[in-house]
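**Student:** Next up is a structure, given as structure tokens.
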Number of protein chains: 2
Amino acid sequence: MSAYPLNPIEFCALRWSLGLDEALAAQLLKVSIETLKQWEDGSQPITELAQKQLLDIDDIIEMQVLNTCDGIEAMFKKEPKRRLAFVVYPSQAIYTQYNPEFLSSLPLTELYTTAAWRIKKECKLVLEVEIALVPLDVDSYKAFREQAGLGESRESRAKWAASQLS
Amino acid sequence: MSAYPLNPIEFCALRWSLGLDEALAAQLLKVSIETLKQWEDGSQPITELAQKQLLDIDDIIEMQVLNTCDGIEAMFKKEPKRRLAFVVYPSQAIYTQYNPEFLSSLPLTELYTTAAWRIKKECKLVLEVEIALVPLDVDSYKAFREQAGLGESRESRAKWAASQLS
């Protein structure tokens with residue numbers, strides 16, 4: 001593989017496929033939007049670091065898709081369902097507060113949503129399971145927890161999301 | 001399935017995964033950017049037609065990925081290679097002029113590039129083949145054809161793209 005595996009159009013296609021506009025990609029890669037534009041129009045070579053960062057994130061997402069679909073398949077052996085809810089986060093602030101364990105691998109909420117979308121697609125195709133992506137509504141979630149006497153946890157969020165399906 | 005299978009965040013994630021910004025998606029779906037924003041912020045229900053259009057395009061792309069990877073695998077049985085070039089189109093005008101057979105199924109050059117990107121990813125993963133996406137450079141392509149005495153055809157474009165690899 002060459003030092004620069006991705007040419008500008010491939011880099012741009014990868015960025016899109018991750019759900020990142022120019023501003024978000026520039027923020028993620030810690031460069032100016034101007035630099036990102038120059039990379040994508042071919043007037044500046046794209047740094048290896050930037051390519052590696054986006055390719056690594058794509059790999060992390062693909063791994064998450066595989067693991068989650070495997071997990072759902074295993075779960076279904078015990079308790080078959082054909083409809084599931086998957087919590088996503090409508091803003092960076094809510095993502096940072098409620099789902100911090102993903103911040104190091106998928107720093108932006110848009111990346112987490114991209115992973116969730118791919119999981120939804122894969123589960124439908126492979127397992128014939130419908131997954132709804134449910135954006136966390138903090139007020140509704142807090143009211144639900146209070147009523148059910150639940151603490152804040154991934155499991156509580158999943159229960160709240162499931163309650164949103166019907 | 002409900003009348004509206006995609007909620008706003010899913011619709012938005014699908015749009016992103018196809019490589020469409022708001023302006024391109026609005027153009028494709030023949031609505032205003034304002035309407036698209038209202039769909040995605042949940043203030044207006046997304047029409048079934050719009051959902052179907054994006055989901056159909058995603059299906060078309062997935063089918064193209066499968067067929068192309070199958071074709072490449074079959075080709076490799078006769079003539080093994082580990083590096084291939086795949087022509088993409090840097091503007092809508094060039095796409096419309098040189099690749100009109102895809103205009104009805106993938107009307108925008110960005111959609112064709114999305115398909116090409118997914119083909120690149122899949123071929124690398126499944127076949128261990130490196131595909132380079134080569135944007136058609138009309139001047140270089142014309143000079144190449146003149147020198148080689150070739151007419152305009154998909155095959156000529158593929159030959160030109162291959163000549164750009166080394």
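The values are calculated or read from the model by the stated rules, or taken from the named source; none is laboratory data. Not measured: the values here are computed from a predicted model. Because the Cβ atoms are built from the backbone with ideal geometry, glycine has one as well, and the counts that use them run over all protein chains shown. Areas reflect the complete protein model, heavy atoms only, side chains present, ligands, DNA and RNA absent. Shrake-Rupley method; radii C 1.70, N 1.55, O 1.52, S 1.80 Å.
Results for (1) in contact with a Ser or Thr (Cβ under 9 Å, 6 or more places away or on another chain); (2) under 15 Å from B:ASN7 (Cβ atoms); (3) of a type in the set (A, V, I, L, M), shown as yes or no for each residue.
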| position | (1), (2), (3) |
| --- | --- |
| A:ASN67 | no, no, no |
| A:LYS81 | no, no, no |
| A:GLU110 | no, no, no |
| A:VAL134 | no, yes, yes |
| A:PHE144 | yes, no, no |
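**Student:** B:ILE94 fails exactly one of the following numbered conditions: (1) open to solvent by less than 40 Å² (accessible area, probe 1.4 Å); (2) closer than 28 Å to A:LYS121 by Cα; (3) touching a Leu at 6+ places or on another chain (Cβ under 8 Å). What is the number of that condition?
**Tutor:** Among (1) open to solvent by less than 40 Å² (accessible area, probe 1.4 Å); (2) closer than 28 Å to A:LYS121 by Cα; (3) touching a Leu at 6+ places or on another chain (Cβ under 8 Å), the lone unmet condition for B:ILE94 is (2).
**Student:** Continuing with this model, one more query. Would you be able to say whether some residue in region A:106-117 is assigned to a helix (DSSP H, G or I) and surrounded by fewer than 18 Cβ atoms within 10 Å (Cβ to Cβ)? Write out each step before concluding.
**Tutor:** Applying the first criterion (assigned to a helix (DSSP H, G or I)) to region A:106-117 yields A:109-117.
Restricting the remaining residues to those that are surrounded by fewer than 18 Cβ atoms within 10 Å (Cβ to Cβ) gives none.
Checked region A:106-117: no residue is assigned to a helix (DSSP H, G or I) and surrounded by fewer than 18 Cβ atoms within 10 Å (Cβ to Cβ).
**Student:** Of these, A:ALA26, A:ALA13, which one is of a type in the set (Gly, Ala, Ser), in a helix (DSSP H, G or I) and within 24 Å of B:LEU125 (Cα to Cα)? Break it down into steps so the answer makes sense when it comes.
**Tutor:** Working: A:ALA26 fails: within 24 Å of B:LEU125 (Cα to Cα).
Going through A:ALA26, A:ALA13 in turn, just one is of a type in the set (Gly, Ala, Ser), in a helix (DSSP H, G or I) and within 24 Å of B:LEU125 (Cα to Cα): A:ALA13.
**Student:** A further question on this structure: Going by what's in this entry, would B:GLN27 be described as in contact (Cβ under 8 Å) with a residue 12 or more places away in the chain and farther than 21 Å from A:GLU130 by Cα?
**Tutor:** Details: in contact (Cβ under 8 Å) with a residue 12 or more places away in the chain: yes; farther than 21 Å from A:GLU130 by Cα: yes.
Yes, satisfied.
**Student:** Assess whether B:LEU150 counts as being at pLDDT below 95, away from chain A (no Cβ under 14 Å) and surrounded by 13 or more Cβ atoms within 10 Å (Cβ to Cβ).
**Tutor:** Values: at pLDDT below 95: no; away from chain A (no Cβ under 14 Å): yes; surrounded by 13 or more Cβ atoms within 10 Å (Cβ to Cβ): yes.
Against the criterion (at pLDDT below 95, away from chain A (no Cβ under 14 Å) and surrounded by 13 or more Cβ atoms within 10 Å (Cβ to Cβ)), B:LEU150 does not qualify.
**Student:** Can I ask one more? Within region B:116-129, track down each residue that is modelled with pLDDT of 95 or more and at the interface with another protein chain (Cβ under 10 Å from one of its Cβ atoms).
**Tutor:** Within region B:116-129, B:ALA116, B:TRP117, B:ARG118, B:LYS120, B:LYS121 meet the criteria.
**Student:** Assess whether A:LEU103 counts as being within 30 Å of A:GLN53 (Cβ to Cβ) and crowded, with 17+ Cβ neighbours inside 10 Å. Full working, then the answer.
**Tutor:** Values: within 30 Å of A:GLN53 (Cβ to Cβ): yes; crowded, with 17+ Cβ neighbours inside 10 Å: no.
In short, no.
**Student:** I'd like to check something: does region A:81-101 contain any residue that is at pLDDT below 95 and assigned to a helix (DSSP H, G or I)?
**Tutor:** yes
**Student:** With respect to A:GLN97, is the statement that it is in contact (Cβ under 8 Å) with a residue 24 or more places away in the chain and polar (S, T, N, Q) true? Spell out the reasoning first.
**Tutor:** Values: in contact (Cβ under 8 Å) with a residue 24 or more places away in the chain: no; polar (S, T, N, Q): yes.
So A:GLN97 fails the test.
**Student:** Hey, another quick one. Under 25 Å from B:LEU54 (Cβ atoms) and either more than 13 Å from every other protein chain (Cβ to nearest Cβ) or touching a residue at least 24 places away in the same chain (Cβ under 8 Å) (or both) - does that describe any residue in region B:136-146? Lay out the reasoning, then the answer.
**Tutor:** Going through region B:136-146, the residues under 25 Å from B:LEU54 (Cβ atoms) turn out to be none.
Checking region B:136-146: not a single residue is under 25 Å from B:LEU54 (Cβ atoms) and either more than 13 Å from every other protein chain (Cβ to nearest Cβ) or touching a residue at least 24 places away in the same chain (Cβ under 8 Å) (or both).
**Student:** Something else now. On the basis of being within 14 Å of chain A (Cβ to nearest Cβ), surrounded by fewer than 16 Cβ atoms within 10 Å (Cβ to Cβ), under 22 Å from the mean Cα position of the chain (by Cα) and closer than 23 Å to A:ALA23 by Cβ, does B:ALA13 make the cut?
**Tutor:** Numbers: within 14 Å of chain A (Cβ to nearest Cβ): yes; surrounded by fewer than 16 Cβ atoms within 10 Å (Cβ to Cβ): no; under 22 Å from the mean Cα position of the chain (by Cα): yes; closer than 23 Å to A:ALA23 by Cβ: yes.
No.
**Student:** Related question: Name the one entry in B:ILE46, B:ILE61, B:ILE72, B:ILE57 that is surrounded by 19 or more Cβ atoms within 10 Å (Cβ to Cβ) and touching a Lys or Arg at 6+ places or on another chain (Cβ under 7 Å). Walk me through it before giving the result.
**Tutor:** Values: B:ILE46 fails: touching a Lys or Arg at 6+ places or on another chain (Cβ under 7 Å); B:ILE72 fails: touching a Lys or Arg at 6+ places or on another chain (Cβ under 7 Å); B:ILE57 fails: touching a Lys or Arg at 6+ places or on another chain (Cβ under 7 Å).
Of the residues listed, the single one that is surrounded by 19 or more Cβ atoms within 10 Å (Cβ to Cβ) and touching a Lys or Arg at 6+ places or on another chain (Cβ under 7 Å) is B:ILE61.
**Student:** Further question: Restricting attention to region A:100-110, report how many residues are within 11 Å of another protein chain (Cβ to nearest Cβ), of a type outside the set (Asp, Glu) and touching a residue at least 24 places away in the same chain (Cβ under 8 Å). Show your work before the answer.
**Tutor:** Going residue by residue through region A:100-110, those that are within 11 Å of another protein chain (Cβ to nearest Cβ) are A:109-110.
Pick out the ones that are also of a type outside the set (Asp, Glu) and you get A:109.
Pick out the ones that are also touching a residue at least 24 places away in the same chain (Cβ under 8 Å) and you get none.
Qualifying residue count for the region: 0.
**Student:** Restricting attention to region B:30-66, report how many residues are at positive phi and without any contact (Cβ under 8 Å) to a residue 12 or more places away in the chain.
**Tutor:** First, pick out the residues of region B:30-66 that are at positive phi: B:30, B:42.
Subsequent filtering for residues that are without any contact (Cβ under 8 Å) to a residue 12 or more places away in the chain retains B:30.
Residues that pass the stated criteria total 1.
**Student:** Can you find a residue that is within 14 Å of chain B (Cβ to nearest Cβ) and modelled with pLDDT of 95 or more anywhere in region A:64-71?
**Tutor:** Keep residues of region A:64-71 that are within 14 Å of chain B (Cβ to nearest Cβ), which gives A:65-66.
Remaining after also requiring modelled with pLDDT of 95 or more: A:65-66.
So far as region A:64-71 goes, yes, one or more of its residues are within 14 Å of chain B (Cβ to nearest Cβ) and modelled with pLDDT of 95 or more.
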